[in-house]
Amino acid sequence: MKTIIALLIFLSFSLTAQDTISKPKIALVLSGGTAKGLAHIGVLKVLEEQGIKPDLIVGTSMGSIIGGLYAIGYTADEIEQITLNTDWFKYLSNDTDLRNLNIEVKDDFEEYVYNFPIEKRKPGLGKGLIYGHELELYLNRISFPSYKYSNFDEFPIRYRAISTDVLNNEVYIFKDGPLPLALRASMSIPSLFEPIRYKGKVLVDGGILDNFGVDIALQEGADIIIGSNVERISKSEDDFDTYKNLFAQLMMLHSKQKYKKYKDSVDVLIEPPVLEMGSKFDKAKKIINIGYQTALKHLSELKKIKSSIYGDYKKRKKITHEKSFPISQIAIRGINDLSYKYHIYNRLRNSIGLIANYSVIEKEITDLYRSGQFSYIKYYIEKISDNNYKLLFDFAPKAKNNLQLGIHYTEQVDLGLIVGLTSRNSLSLNTKFKIKARISKYPGVDQYISKYFKIKNTRVGFKQFFNYSMDKITIYDEQIKLTAYNRNFLNFGGGAILVLGHNSMLESGYKYEKYFFNKLFRAEFQKIGNTVVDKNSIYLSYYLNSLDDKFFATKGLLFKSNIEYNFKTSIETKKNNDTILGYYNLGKVNMKLKKFTSINKNLVIESSILAEYNIYGDSLNFVLNDKILGGVYPDNSSRIPFWGLPNSYIIPKNYSIASFGLRYKISDRIYIKSVINTGIVNLNDVYLGGGVSFTFKSPIGPLSISITKSTQYIAPQIHISMGNFR
């Protein structure tokens, strides 16, 4: 540490003797550190209480976000409220509110763990796992007032954001440009976030080369430096005990060397002990308080700065944040098709008009993003002159062809690898071709082609589909397993779609279904050999989805209904060595209703009703019905969950099931849920069951385990699921 006491005495004497001597410049340096960086807010609160206003703020990564907001006029309390009300796990991922997508792409969302764009006929690794569409909008929203300034020197507090230019292997300092872009570049962790391309540079997290920008503060002329550092500095054997820790230490190697070099240049060094909270955004309140309590331990040093430099402190003036700007120009980047680009330009010009605020801009971006054609849509505002601003949109269309991978496990189909290929606009404009395969003991394949277009203001579409799946079905008599058989299920068809809104659609079409049953029946059950079921159908279905999340919804409604008329239906089977031919099943009606209601940010009510009624009469019901009831985690549409019963416990002709559940979020990645359900099967059998489940939101999809029990089945049931459901 510099000889701060001597300097302060000198400054105090000098300020008393001469009014012409300028006040020394104080710089506040805030390090990176993901969730750990929230401790900087506590440090800011102490500085405010002591009446210390920095002349310059230098920030890296999370420090750049906290520092940038403070520099444009937010108070420490306002920044605290922003961070406490922010879903950081949503913004630091590709997670998107499902309500922001069109109904026809909602089922495709979050199907896979990894996505590889196919470029030049070879799958690439992509630019980063996280595109950051929601993050871009969020950073623009909270820093929108910064657009009134031409550069960062005009902020109420001068500001610098540190990033790393990997193209030239050097530190890049943001002194101007869009503040949201500077914040996004400063926190772009390599291989996790897509890098930012700006002024011929490729920018990633500033912590790679300079996580604690004391040197930048000195270059900017700081006389006194207050530093808040939350990153691990010392090393021990435990820091290299995992590949993750080893990678983190290697990535920060240059920053650690720079820290040692400039540490003694810091006059007040505040290091909150939050080293183990790098991803614990759910502990934001605690982290902020640790930063506050740590800063209080440096109170004597801070008071000396205040009394010697400031004298009587005048409270920081409240700043009014601008909510809109006059727009004279709109520019679009990233769209190569000139006619489509012109169409988008006219749409934006007409909807935004001459005055732009972030709510109107976000609404237009959300409407364009709904189509699922873009990885992200960004916007920035550039000040040309007073009352003259330019609005720039940056579109990133998804690759035409993408290879996808995922992992899936349930007891019904065993462990499997999910492989998919999606092709957009390859066959013709606004078409999508998709094929997905499950490679496992019980394989499956899904394929469809869809095309949408507008007739006046109404969207309509056509769809062709094919599905093959294989699974295992068990035959029970009360609580005794009689036998099991493998079912091969094949269907294909097509239909017309009428889109009623971005949350609902109506579909009608034709499908052909064929079931194959292997001869696994034991003689004491029924002397039945191989069985083939054929069915032709026309159907009418309605689909509504207003959920906010695919796997962990907190609000919204999911409703599916289907009416089906069957014709040319037949069954061919062997019983007692005789071939039996018959016709069955005139049709069916089914529906599924799920509602999610949020009690608070952690507690959600889940309620649902499922029902189906089949019209036919035949003695071989157990092979004619295509629905199987039991278990917790269905892996296809033919399986109906019932908590408390084994998988495939009932093969009903008709059923109605009502369930009620409470889901509690223990942390941002761990959930516990309790469920009770009751059902009426075949009009007269009543079942009652329930249980509890634990789910971990992992990088490979949800990992879940449940324990259930029913009044009809003695033994408790344990069910496990991993990855995204097929």
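The values are calculated or read from the model by the stated rules, or taken from the named source; none is laboratory data. Treat the numbers as computed from the prediction; the structure is a model and nothing was measured. Glycine gets a Cβ as well: all are built from the backbone with ideal geometry, and neighbour counts include every protein chain shown. Please note that ligands, DNA and RNA were not included when accessible areas were found on the heavy atoms of the full protein model with its side chains. Shrake-Rupley method; radii C 1.70, N 1.55, O 1.52, S 1.80 Å.
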Highest to lowest packing among 205-214, 451-460, 667-676, scored as the average C-beta count within 10 Å
205-214, 667-676, 451-460
Most packed first (mean Cβ within 10 Å per residue), the peptides 350-357, 192-199 order as 192-199, 350-357
What does the accessible area of PHE116 come to, in Å² to the nearest 10, when a probe of 1.4 Å is used?
40 Å²
Applying the Karplus parametrisation 6.51 cos²θ - 1.76 cosθ + 1.60 with θ = phi - 60° to the phi angles of region 157-174, what ³J(HN,Hα) value in whole Hz is obtained for each residue in order, glycine and proline being reported as x?
10, 4, 9, 9, 10, 9, 9, 10, 8, 6, 5, 10, 6, 8, 6, 10, 9, 7
Using a 1.4 angstrom probe on the protein heavy atoms only, line up ILE707, ILE480, ILE365 by accessible area, largest first.
ILE480, ILE707, ILE365
May I ask you to rank ASP97, ASP107 by accessible area, largest first, using a 1.4 Å probe over the protein chains only?
ASP107, ASP97
Long-range amide H contacts for TYR379: which residues qualify at under 5 Å (H placed 1.01 Å from N, peptide plane, sequence gap of 5 or more or a different chain)?
ASP394
Region 442-574 - Rg and Dmax from Cα coordinates, angstrom:
19.3, 63
What order do TYR340, TYR259 take when sorted by accessible area (1.4 Å probe), most exposed first?
TYR340, TYR259
Residue by residue through region 636-652, the couplings from Karplus 6.51 cos²θ - 1.76 cosθ + 1.60 with θ = phi - 60°, in Hz, x for Gly and Pro, are 8, 5, 7, 9, 10, x, 8, 5, x, 10, x, 4, 6, 6, 10, 10, x
Roughly how many Å is it from the Cα centre of region 436-465 to that of region 663-705, as a whole number?
29 Å
Scan around SER188 for amide H atoms under 5 Å from its own, H built in the peptide plane at 1.01 Å from N, and keep only partners 5 or more places away or cross-chain.
ASP205, GLY206
In whole Hz, what ³J(HN,Hα) sequence does region 490-495 give by Karplus (6.51, -1.76, 1.60; θ = phi - 60°), x for Gly and Pro?
10, 8, 8, x, x, x
With all protein chains present, calculate the accessible area of LYS383 using a 1.4 Å probe and round the result to the nearest 10 Å².
50 Å²
Any chance you could look up the accessible area of SER656 with a 1.4 Å probe, heavy atoms only, rounded to 10 Å²?
50 Å²
When each of LYS481/LYS595; LYS601/LYS709; LYS436/LYS601; LYS341/LYS398; LYS25/LYS175 is checked by Cα-Cα distance, pairs over 27 Å:
LYS481/LYS595; LYS601/LYS709; LYS436/LYS601
How would you rank 166-175, 280-289, highest first, on the average number of other Cβ atoms within 10 Å across their residues?
280-289, 166-175
